[in-house]
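Notes to accompany the following structure.
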Amino acid sequence: MADARAAMLSRKKAMLAAYLVDAYADRLFAARAEPAADVLEFRQGLARASAALAAIFDLVAGRTELLTEPVEVPLADYGKLGVEDFMVSLYNGHAVQRLRIVGPDGGRQDVHEVLAAAVAALR
């Protein structure tokens, strides 16, 4: 996990990755062997099959927000932090900054975890 956190995406790059995942879903639709159908219905099917894809589709459509928030790190997880995050957490009350998708209900998800799951769902 330390390796994944060391390569964290900026907000701009996370949004770019989200747009690319969204666009890839459309390319999958276009590449299907079936005759023309409804792209929105196809995307709804993908969203029903994968909560991560649903979250990315909502983010790109503007139904959810991408925010940078402090997230508390339990002391037991300190060994998983990169040096930069460790130093930040020492001075921020055991919290580090993370990009989170904030849903309409206030629920929060780590954007990096959601992106990884969405890409895996498209394979």
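The values are calculated or read from the model by the stated rules, or taken from the named source; none is laboratory data. The shown structure was predicted, so the numbers you read here are calculated from the model rather than taken from an experiment. Positions of Cβ are generated from backbone atoms using ideal geometry, with glycine treated the same way; all protein chains shown enter the neighbour counts. Calculation scope for accessible area: heavy atoms of the full protein, side chains included, ligands and nucleic acids excluded. Shrake-Rupley method; radii C 1.70, N 1.55, O 1.52, S 1.80 Å.
General observations
- Per-residue HN-Hα couplings for region 98-113 [Karplus 6.51, -1.76, 1.60; θ = phi - 60°; Hz; x = Gly/Pro]: 9, 7, 10, 8, 10, x, x, 8, x, x, 10, 9, 5, 5, 5, 5
- When all protein chains stay in place and ligands, DNA and RNA are ignored, the 1.4 Å accessible-area order of Arg32, Arg48, largest first, is Arg48, Arg32.
- Using the Cβ-Cβ distance between Glu34 and Val71 with R0 set to 35 Å, the FRET efficiency from 1/(1 + (r/R0)^6) comes to roughly 0.25.
- Measuring nothing but protein heavy atoms, the accessible surface of the chain at 1.4 Å probe radius is 58 percent carbon and sulfur.
- When the Gaussian network model of the chain links Cα atoms closer than 10 Å, the mean-square fluctuations of Val102, Val60, Val73 top out at Val73.
- Solvent-accessible area per residue in region 1-115 equals 63 Å², computed with a 1.4 angstrom probe and all protein chains kept.
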